[in-house]
Amino acid sequence: MVSDTVRELVEHAGIHINGKEPWDITVHDDRFFGRVLGEKNLGLGESYMDGWWDCPRIDEMICRLLRAGIEDRVRGNLRYALPFVRAYLFNLQKVSRARIIAERHYDTGNDLFFSFLDPYNQYSCAFFEGTDDLNQAQRQKMGLIVGKLGLSAADTLLDIGCGWGGLARYAAETTGCAVTAVNISKEQISYAREFCKGVPVEVVECDYRSITGQFSKIVSVGMFEHVGRKNYRTFMEVAYRALKDDGVFLLHTIGSLKSKTGTDPWIEKYIFPNSMLPSIAQISGAAEGLFVLEDVHNLGPHYDKTLMAWHGNFQRNWPQLAKKYGDRFKRMWEYYLLSCAGAFRARAIQIWQIVMTKHGTGTAQPKCRFVPVSGG
């Protein structure tokens with residue numbers, strides 16, 4: 001029976017159907033078994049959204065499934081494979097499609113994102129060194145970036161994919177540098193322009209491929225995941241062209257341990273359309289002949305803590321969002337946050353800060369490690 005097959009698979013990961021542990025799955029609809037077996041990750045996420053199952057600790061359940069390698073034991077059907085085929089054949093992140101991610105995710109509503117983010121609205125991994133407080137950890141992450149770049153008042157900084165302008169403002173107000181921040185999300189641009197008033201930050205609506213000018217420092221946080229493998233080299237060429245010869249470039253991105261052509265089908269469908277996690281091989285290949293990779297710093301475990309903090313904030317503030325978004329959206333969003341936390345905890349996905357300088361210029365190595373964190 002299908003149910004017996006699923007039970008056997010999850011029990012291999014120490015998970016029991018209708019068990020008593022917080023990572024066990026309580027099934028409310030027996031259609032769950034066939035859906036998960038046939039559609040793998042997509043079926044698991046969609047059936048949760050539909051209320052077919054529950055689990056007190058989705059994060060730990062996903063972590064256990066990934067550590068046990070369950071995904072590789074389940075054969076997917078054609079529907080599961082289609083996103084990977086499309087990503088292999090087509091450039092899903094070309095200029096004409098670039099705004100899809102902004103419209104379907106980042107423009108969802110500032111009320112949603114601000115319900116769980118810190119005051120600087122950092123929608124990326126925090127740095128929980130010596131603290132359990134999300135707000136402090138996000139300031140420390142920004143301080144870490146500022147330190148690795150060696151920013152000063154004499155610098156011009158390009159922020160590629162600036163979000164709501166938090167890092168741009170932090171960099172400008174703590175160092176006095178002039179920041180050009182580019183983005184394609186109308187909601188984020190509108191907020192960032194207000195948020196950055198009074199500091200030397202210019203927020204520009206611009207696809208990264210249209211960037212002009214040169215800057216002494218470049219940073220890109222949480223944007224490379226939307227570039228796509230067919231555009232990795234183009235992104236690096238844009239950064240190379242925009243960086244002065246003695247400049248420093250910091251790329252902060254979620255990454256995959258394997259080079260892939262697509263992303264998780266559930267994430268693709270409901271959270272980040274046209275997204276793709278790069279591998280180190282893909283990043284270094286795209287940078288070859290353009291940049292010296294000075295340092296690769298893995299912050300993966302910190303993203304587990306970040307996502308769990310976001311989830312706690314989201315649950316506390318849900319009553320103010322419930323009427324607008326509805327219960328199915330709530331289940332989708334909590335599954336997104338908790339499943340990603342589990343994936344980072346299992347070390348299945350990573351977060352890298354990669355510091356680069358231009359190849360062929362003889363630029364001195366920047367101080368990438370043991371930089372004092374100025375996050376206070």
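The values are calculated or read from the model by the stated rules, or taken from the named source; none is laboratory data. Small disclaimer: the values here were computed from a predicted structure and weren't measured. Cβ placement follows ideal geometry from the backbone for every residue including glycine, while neighbour counts extend to all protein chains displayed.
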**Asked** Can you list the strands (runs of 3 or more DSSP E) found entirely within region 204-302 that contain at least 2 residues being of a type in the set (D, E, K, R), assigned by TED's automatic domain parsing to the domain that holds Arg169 and surrounded by fewer than 23 Cβ atoms within 10 Å (Cβ to Cβ)?
**Response** 243-256, 291-298
**Request:** Return the residue satisfying two criteria in turn: it lies in region 11-63 and is more than 23 Å from Ile349 (Cα to Cα) and of a type in the set (S, T, N, Q), and of such residues it is surrounded by the fewest Cβ atoms within 10 Å (Cβ to Cβ).
**Result:** Asn18
**Prompt:** What is the residue count in region 305-324 for residues that are touching an Asp or Glu at 6+ places or on another chain (Cβ under 9 Å) and within 18 Å of Phe272 (Cα to Cα)?
**Reply:** 2
**Asked** Hey, does region 126-134 have a residue that's surrounded by 22 or more Cβ atoms within 10 Å (Cβ to Cβ) and charged (D, E, K, R)?
**Response** no
**Request:** Please state which of the following conditions Pro319 fails to meet, knowing it meets all the rest: (1) assigned to a helix (DSSP H, G or I); (2) in contact (Cβ under 8 Å) with a residue 60 or more places away in the chain.
**Result:** (2)
**Complete:** Within region 276-323, restricting to residues that are in contact with a strand residue (DSSP E or B) (Cβ under 6 Å, 6 or more places away or on another chain) and among the aromatic types (Phe, Trp, Tyr), the one that is nearest to Gly228 (Cα to Cα) is Phe291
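I'd like to know if region 188-198 contains one or more residues that are in contact (Cβ under 8 Å) with a residue 24 or more places away in the chain, assigned to a strand (DSSP E or B) and over 28 Å from Ser256 (Cβ atoms).
So far as region 188-198 goes, no, none of its residues is in contact (Cβ under 8 Å) with a residue 24 or more places away in the chain, assigned to a strand (DSSP E or B) and over 28 Å from Ser256 (Cβ atoms).
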